[in-house]
1. Order the following by accessible area, largest value first: His161, His19, His133. Probe radius 1.4 Å; ligands, DNA and RNA are ignored.
2. Provide the net charge surrounding Ser66, with neighbours chosen by a C-beta distance below 15 Å and charges set as Lys +1, Arg +1, Asp -1, Glu -1.
3. How many times 2.2 N^0.38 Å is the alpha carbon radius of gyration of the range 1-113?
4. Between the alpha-carbon centers of the range 174-222 and the range 32-92, tell me the distance in whole angstrom.
5. Report, by chain and number, residues whose modeled amide H sits under 5 Å from the one on Tyr156, excluding near sequence neighbours (fewer than 5 apart, same chain).
6. Give me the number: length gained by fully extending Ser124 to Phe6, i.e. 0.36 nm times residue separation minus the C-alpha to C-alpha distance, one decimal in nm.
7. Quickly work out the Val115-to-Phe14 label distance, labels modelled 7 Å from Cα along the C-beta direction, and quote it in nm with one decimal.
8. Quick one: order Met119, Met247 from most to least accessible surface, probe 1.4 Å.
Amino acid sequence: MRLLRFGICALVVFAVAAHGGVEDWARAVLETGAGLLFLAWALWIFFTREEQIVFSPLLPPLAALSLIVCGQWFFHGTASSYSTRMELLLLLSELILLFLAVQAFRTLQDWRGFVWFGMVFGFSISIFGILQHLTFNGKLYWFREMRYGGIPFGPYVNRNHFAGFVELILPLALVPLVLGRVRRERWPVVGLFAVVPIVALFLSVSRGGIVSFGIELAVLALVMIQRRAMGRQLFAGAAVLLLALLMISWLGVGQVLQRFSSFRSLEATAGKRASMRQDTWQSSFVTP
């Protein structure tokens, strides 16, 4: 199972580093990798018969959604059969990864390892995004031209996608710290893993991401009130937010305020994405 856990984490790193896995080649690698991991797991189960298969409660609704999409594609009940088929393949690969994650991460120790992986990975991507923001030259990774425009942050062409990534990864560090689930000697490290993604989120000036972060804080405050987790836990959360705000004000709070006071839509819109897919589809028929 260690190899399976490593493969899942490797695919997660690849999907984020490859601009969120939105391009066809990145999707192909992600879907192929998920299929190979599932095949390796099936062979391991067949020959060892040591582990009992576990099903996540999230699988049935997602499987039902896959069946609906499959029906739309099969009966041509969609505006674009090609796009539906591509999204269906991606959804099935994500279902496979979710199923494999439940099989690979079973013990508390396994999940602790995954949480530490998520915190370190989120911290690394956030550091990269901040460095790119401070030294941006108009190119992804400082060398790749953006053919269809966009406002990138980190490895993502669309800064809103980076904000979505932070929304998913930030609770891994912030929630245990605020709820008092972190040992005292680990407070500085876990606090750093929480502060840097918050700073990167605000520097991405994604309004939806910042508003979502505020909602997350409100929900976390309600949980703290319900559990009566005050005192040191409240101090830890306040310290993280204070440090994040100080770093944001130092690196550029003016851009955040300007973003909320104006409206610009320079990201890759739906029309641009459709044009990208069309160009990719046409180029596949061009012979050298």
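1. These residues rank, largest area first, as His161, His133, His19.
2. Combined, the nearby Lys, Arg, Asp and Glu give -2.
3. Values: Rg = 15.4 Å, N = 113, 2.2 N^0.38 = 13.3 Å.
In units of the globular-protein estimate, the range 1-113 measures up at 1.16.
4. So the separation of the two Cα centres works out to 32 Å.
5. The list, which skips near neighbours in sequence, is empty: none.
6. Here the segment from Ser124 to Phe6 would lengthen by 40.7 nm.
7. Going by the 7 Å Cα→Cβ label model, 2.8 nm.
8. Per-residue accessible area, sorted high to low, gives Met247, Met119.
The values are calculated or read from the model by the stated rules, or taken from the named source; none is laboratory data. Worth saying up front: this structure is predicted, and the values here are computed from it rather than measured. For neighbour counting, all protein chains shown are included, and Cβ atoms are generated from backbone atoms with ideal geometry for every residue, glycine included. We work out accessible area using only protein heavy atoms, side chains counted, and drop any ligands, DNA or RNA first. Shrake-Rupley method; radii C 1.70, N 1.55, O 1.52, S 1.80 Å.
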